[in-house]
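Step one of this worksheet: look at the structure below.
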Amino acid sequence: MKGLRYGLLIALCLLFLAPFAFMVTTSLKTPEKIFTATMEWLPRPVIWKNYPDAIARFPFWRYVGNTLFICTLTVLGTCLSSSLAAYAFARLKFKAREPLFFVMLATIMLPSQVTLLPTFLLFRTLGWSGSWLPLIVPAFFGNPFSIFLLRQFFLTIPQELSDAARLDGCSDFSIFWRVILPLARPALATVALFAFLGAWTDFQGPLIYLHDEQQYTLALGLQSFLGRHESQWNLLMATSTIITLPLIIVFLLVQKTFVKGIVLSGLKG
C-alpha cells in the first residue's frame with residue numbers, strides 16, 4: 001500500500017514537473033529543433049548561448065533591479081503591517097474585535113477584478129499612475145491572508161509570556177517587538193515568501209500602472225520580449241527559465257521554515 005502511495009506521488013510530481021522540464025529543454029535547443037514530429041526531451045546539441053543571447057535582447061538587469069526593489073518593499077510592508085494587525089486581533093481586547101476580524105476575512109473572497117476599477121481610480125486621483133507607488137504602498141496596509149496566518153500563529157504563543165513581560169513594565173508594542181515577533185519567525189518567513197512570490201510574478205499591476213519601459217518589472221518585460229521575438233521560442237524559454245529559477249531557489253532555502261509556519265498557524269483557532 002505504501003508503494004502505491006509513493007508511486008502515485010511520484011507520478012503527480014512528474015506531471016507537475018513536465019512543463020518546467022519542457023521550458024528548460026526548449027531553452028537549450030536551436031529553433032529548428034523545437035517543433036519537430038517527435039518530442040526530444042534531451043536537446044542535441046545543447047545551446048547554452050541562448051541564455052546570454054536572450055538577456056542581451058532586452059534590458060534584463062534593469063528589470064531585475066526594478067523587480068527586486070518592488071519585492072523588497074512589498075515584503076517589508078506586508079510583514080510589518082500584517083504582523084501589527086494580527087497582534088491586535090490575537091492579543092488586544094477591544095470592542096467589535098471578532099466582527100472586524102470576520103469582515104477582514106470576508107475581503108479575501110472578493111475577486112481582484114471587483115476592486116480593480118475603484119482602486120485604479122483612487123490611484124489615478126492621487127497622481128500615482130505611472131509610478132511604482134500603486135505596487136508598493138498597498139503592502140503597508142496589510143494583507144488579509146497574511147493577517148489571518150499570523151493571527152493563528154500568535155494564538156499558539158502562551159499568554160503567560162505576554163503577562164510576564166507586562167509585569168516587567170513592557171508596553172504592548174514592546175511585547176509585540178521583543179516577545180512575539182522573535183517567536184513568530186516561521187510564520188513571518190511564510191508571509192514573506194508569499195509576498196515575495198506575489199510581487200515577483202505580478203503581471204496585472206505593472207501592466208495597469210507602469211507606462212515607462214524603464215520602470216518595467218520582469219513579468220512585464222517578458223511580455224514585451226514575447227511581442228518583439230515571438231518566433232524565437234528558444235530565447236523566450238531561456239528568459240522564462242532565468243525568471244523562474246530565483247523562485248525555486250528561494251522556496252528551497254526556506255522550505256522547512258515555510259512548512260513549519262503553515263503547520264503551526266493552524267493549531268489553534
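Please check the chain for the longest run free of chymotrypsin sites (Phe, Trp or Tyr not before Pro) that are loop-located per DSSP (anything but H, G, I, E, B) and have at most 11 other Cβ atoms within 10 Å. Intermediate values should be presented prior to the final figure.
Details: sites that count: Phe35, Trp41, Trp48, Phe94.
Between exposed loop sites, the widest span is 95-269.
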With +1 on each Lys and Arg Cβ and -1 on each Asp and Glu Cβ, how big is the dipole of the chain about its Cα centre, in debye rounded to the nearest 20?
560
Over the stretch 43-172, calculate the relative contact order: mean separation of alpha carbon pairs under 8 Å at least 6 apart, over the residue count, as a percent.
42
What is the extension gain from Arg62 to Ala18, computed as 0.36 nm multiplied by their sequence separation minus the C-alpha to C-alpha distance, in nm to one decimal?
12.8 nm
Leu155-Arg44 pseudo-label distance in nm [points 7 Å out on the Cα-to-Cβ vector]
5.9
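Please report the net charge: other residues with Cβ closer than 13 Å to the Cβ of Tyr51, K and R +1, D and E -1.
Numbers: positive: Lys29, Lys49, Arg57; negative: Asp53.
The answer is +2.
If I compute solvent accessible area with a 1.4 Å probe over the protein chains, what percent of it on the stretch 1-149 is carbon and sulfur? Could you put the intermediate results ahead of the total?
Working: 7230 of 9560 Å².
That share works out to 76 percent.
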So with the 1.4 Å probe, I'd like the accessible area per residue for the stretch 54-176, rounded to whole Å².
56
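With a probe of 1.4 Å, find how much accessible area the stretch 12-51 has per residue, and write the answer as a whole number in Å². Walk me through the intermediate numbers first.
Details: 2870 Å² over 40 residues.
I get 72 Å² per residue for this part.
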For the chain, with the dipole built from +1 on Lys and Arg beta-carbon atoms and -1 on Asp and Glu ones, taken about the Cα centre, which of Leu252, Thr239, Gln223 lies farthest toward the positive end?
Leu252
Quick one, could you list the DSSP H helices from the chain stretching 18 Å or more along their long axis (Cα atoms) with average Kyte-Doolittle hydropathy of 0.0 or above?
2-27, 60-91, 112-125, 185-201, 233-253
At the level of C-alpha centres, the distance separating the stretch 116-156 and the stretch 2-47, in angstrom, is 38
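Take the alpha carbon gyration tensor of the stretch 1-155, find the square roots of its eigenvalues, order them as a ≥ b ≥ c, and report rounded if a/c is under 1.5; if not, report prolate when a/b exceeds b/c, else oblate.
oblate
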The alpha-carbon center of the stretch 173-252 and that of the stretch 60-108 are separated, in whole Å, by 17
Identify which of the listed values of Cα extents along the principal axes in Å was calculated from the structure shown: (1) 60, 47, 37; (2) 97, 47, 32; (3) 72, 61, 32.
(3)
Go ahead and set up a Gaussian network model of the chain, Cα springs under 10 Å, then flag whichever of Lys95, Lys49, Lys29 fluctuates most.
Lys95
Largest to smallest accessible area among Lys33, Lys2, Lys256 [probe 1.4 Å]
Lys256, Lys2, Lys33
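Would you compute, from DSSP H runs of 4+ residues alone, the mean residue ellipticity of the chain at 222 nm, taking -39500 (n - 2.57) per run and dividing by the full residue count, rounded to the nearest 500?
Numbers: 15 runs with 186 residues, N = 269.
-21500 deg cm²/dmol, from helical runs alone.
The values are calculated or read from the model by the stated rules, or taken from the named source; none is laboratory data. Keep in mind that this is a model prediction, so the values were computed, not measured. Please note: Cβ atoms are built from the backbone with ideal geometry, for glycine as well, and neighbour counts cover all protein chains shown. Each accessible area value is taken on the protein alone, full model and side chains, heavy atoms only, with ligands, DNA and RNA left out. Shrake-Rupley method; radii C 1.70, N 1.55, O 1.52, S 1.80 Å.
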